[in-house]
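One structure is given below, encoded as structure tokens.
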Amino acid sequence: MADPSIFDALRIPADILVMLDNRPYHFAMQRWHYVIRLAHIVSMAMFFGGIVMLDLQMVGLRTRLPLDDMVDEFVPALYWSFGVAIVTGTALFFYDPVHVGAHAYFTPKLVLTLLGLVNARLYHWLGYERLRLADGALPLHTRIAGWTSLAIWTGVMACAALNVEGVPKVYLR
């Protein structure tokens, strides 16, 4: 049974997870599982590190490069590392969907990932051009988007870390 959580209402139903379980895929991927897991962890770390650097620039706490240059420099690496993280994460999910989907923080991680993408897209559509035209101080909407992004992606990483371990065991003395 899965660990109880406040996110139980968000869990993927067990029937769907069982339906997604594909034993031939599982056995075919067994020899590559740790390589794919390593690629997932490294690509997540690269993406998160790049996002943190970009967000710190957006909120004004890191000012080595102009934000335009920072975006031009980091965005291609962010796209690449995020793409690798999504592909490897999907491969890991389908390796054992019942086990992975039963983690208490798996669905919140997916929801936060989606919110992070929505935040980035909204900022790009609504605020990035105004930033390019602004001179001097960073506009308030850029700072808000940066803090929001930093909070969301930190939440994604926290959910990923919490999925690894079960509920701590309590030992009575």
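The values are calculated or read from the model by the stated rules, or taken from the named source; none is laboratory data. Remember, predicted model here, so these are calculated numbers, not experimental data. Here Cβ is always computed from backbone atoms with ideal geometry, including for glycine, and neighbour counts include all displayed protein chains.
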The range 79-93, residues that are among the small types (Gly, Ala, Ser) and in contact with a His (Cβ under 9 Å, 6 or more places away or on another chain): ALA85, GLY89, ALA91
The listed residue being buried (at least 18 other Cβ atoms within 10 Å of the Cβ) and assigned to a helix (DSSP H, G or I), out of VAL87, VAL42, VAL71, VAL52: VAL71
Collect the residues in the range 109-124 that are surrounded by fewer than 20 Cβ atoms within 10 Å (Cβ to Cβ), of a type in the set (A, V, I, L, M, F, W, C) and farther than 14 Å from THR154 by Cβ, keeping them in residue-number order. LEU110, VAL111, LEU114, LEU117, VAL118, LEU122
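Table: residues versus (1) over 30 Å from PHE94 (Cβ atoms); (2) basic (Lys, Arg); (3) at pLDDT 90 or above.
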{"site": "VAL35", "(1), (2), (3)": "no, no, yes"}
{"site": "SER43", "(1), (2), (3)": "no, no, yes"}
{"site": "PHE47", "(1), (2), (3)": "no, no, yes"}
{"site": "MET53", "(1), (2), (3)": "yes, no, no"}
{"site": "LEU56", "(1), (2), (3)": "yes, no, no"}
{"site": "LEU61", "(1), (2), (3)": "yes, no, no"}
{"site": "ARG64", "(1), (2), (3)": "yes, yes, no"}
{"site": "ASP69", "(1), (2), (3)": "yes, no, no"}
Conditions (1) free of Cβ contacts under 8 Å to residues at least 12 places away in the same chain; (2) over 23 Å from GLY155 (Cβ atoms): number failed by PHE94: (1)
